[in-house]
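All remarks here apply to the structure that follows.
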Amino acid sequence: MGKTVAVFSGAKNSGKSVVTYILANQIREIISEDKKVLVCCLNSKFSLLYKLLGIDESAPGIEELINLQESGYGQKSGSLHDIIPKSNGIHFLGSYKTTISYVNRNMAGFSKLIDRLEKDFDLIIFDTVSSKENAPTNIALEKSSLMINLFVQDAESVNTINSIMEGRTERETMYLISKYRDIYPRVGDIKRRFSLGKVYTMNYCRTLQEMKNRDSLHFYLQRDTECNSSARLISRYIAEAFSLELKPSEKEQKGVNYLKSIFSNMFMIQ
């Protein structure tokens, strides 16, 4: 069974979609090629993720997969990933055409869909909605192995840290401060105030903001920035926590290639 991560926040405009995009790509980069990664957006509208991943909004989404599931599609093989769009090694399932009324009528179908997707994918990352009234988000939060509670340093966002955690204290939670700067409240202040355990930061990056404004954020992962560096630490933590097989490091790969060359030369000599 695959593992599920829910990126959520009690406050809007905290950068959930951008964080989801960066973490998904960095995890995809470090884990074994045969591992399947799915990003699932639950906002029921056109998401920034469509553009970042290069996925057309007309591609199959949550509603289509629920309908196929109910029609009995793939019951023998149990696989749906063949019809889910893929970009740069990452599958993407959006909710652009999924209306609130449809979700309310098919909550059981959506819950069942997550269970089926967990059989096909090694890692599913949910980009959720900052609202307790969003049914898909609530289902995803209940099913997720790890929740990433995302917030920024302004008072309104910080005060929402525990609001969405009611009744979910048994879930493993990572607290992540996005757009972190050397201003009050600092990470130590926040940890003491809310008695938090794992608190990570992704530093504010002017380059990221400028590239987002210029609609060129899809090139950001190539930049060597403090934000990307901090995101790599978080990505590795998630991959290791879920025991996802990692690619060998460049040094390890050189060692493997060296041994291969030795054995190859030995057989050639014989």
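Every number in this text was worked out from the coordinates using simple rules, so none of it is lab data. Remember, it's a predicted structure, so these values are computed and weren't measured experimentally. So basically every Cβ, Gly included, is an ideal-geometry build from the backbone, and we count neighbours across all protein chains shown.
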Please list, by residue number, every one of the trypsin sites (Lys or Arg not before Pro) in segment 189-252 that is coil in DSSP and has at most 16 other beta-carbon atoms within 10 Å.
Lys198, Arg214, Arg223
Antiparallel %, DSSP beta bridges [both residues in the chain], to 5
10 percent
Give the cross-link partners of Lys143 among the lysines, using a straight C-alpha distance below 21 Å as the criterion and excluding same-chain residues fewer than 8 apart.
Lys3, Lys16, Lys35, Lys36, Lys112, Lys119, Lys132, Lys198
Report the charge-dipole magnitude of segment 1-117 in Debye, nearest 20, computed about the Cα centre from +1 at each Lys and Arg Cβ and -1 at each Asp and Glu Cβ.
300 debye
For the chain, cysteines with no other Cys Cβ under 4.7 Å from their own Cβ are listed as Cys40, Cys41
Relative contact order for segment 3-267: what percent, with Cα pairs under 8 Å and sequence separation of 6 or more?
27 percent
In segment 88-168, the GluC sites (Glu not before Pro) that sit in a DSSP loop and have at most 11 other Cβ atoms within 10 Å of their own Cβ are Glu133, Glu166
Out of all DSSP beta bridges in segment 1-128, what portion is antiparallel? Express it as a percent rounded to 5.
10 percent
Could you order peptides 96-108, 33-45, 80-92 by the average number of other Cβ atoms within 10 Å of their residues, highest first?
33-45, 80-92, 96-108
Rank Ser79, Tyr180, Phe121 by how far each Cα sits towards the positive end of the charge dipole of the chain (+1 on Lys, Arg Cβ; -1 on Asp, Glu Cβ) and give me just the farthest.
Tyr180
Looking at segment 57-166, I'd like the Rg to Rh ratio, where Rg is from alpha-carbon atoms and Rh is Kirkwood's inverse mean 1/r.
1.00
Please report how far the C-alpha centroid of segment 39-106 lies from that of segment 190-217, rounded to the nearest whole angstrom.
28 Å
Show that you can apply the helix-only estimate: for the chain, add -39,500 (n - 2.57) for every DSSP H stretch of four or more residues, divide by all residues, and state [θ] at 222 nm to the nearest 500.
-13000 deg cm²/dmol
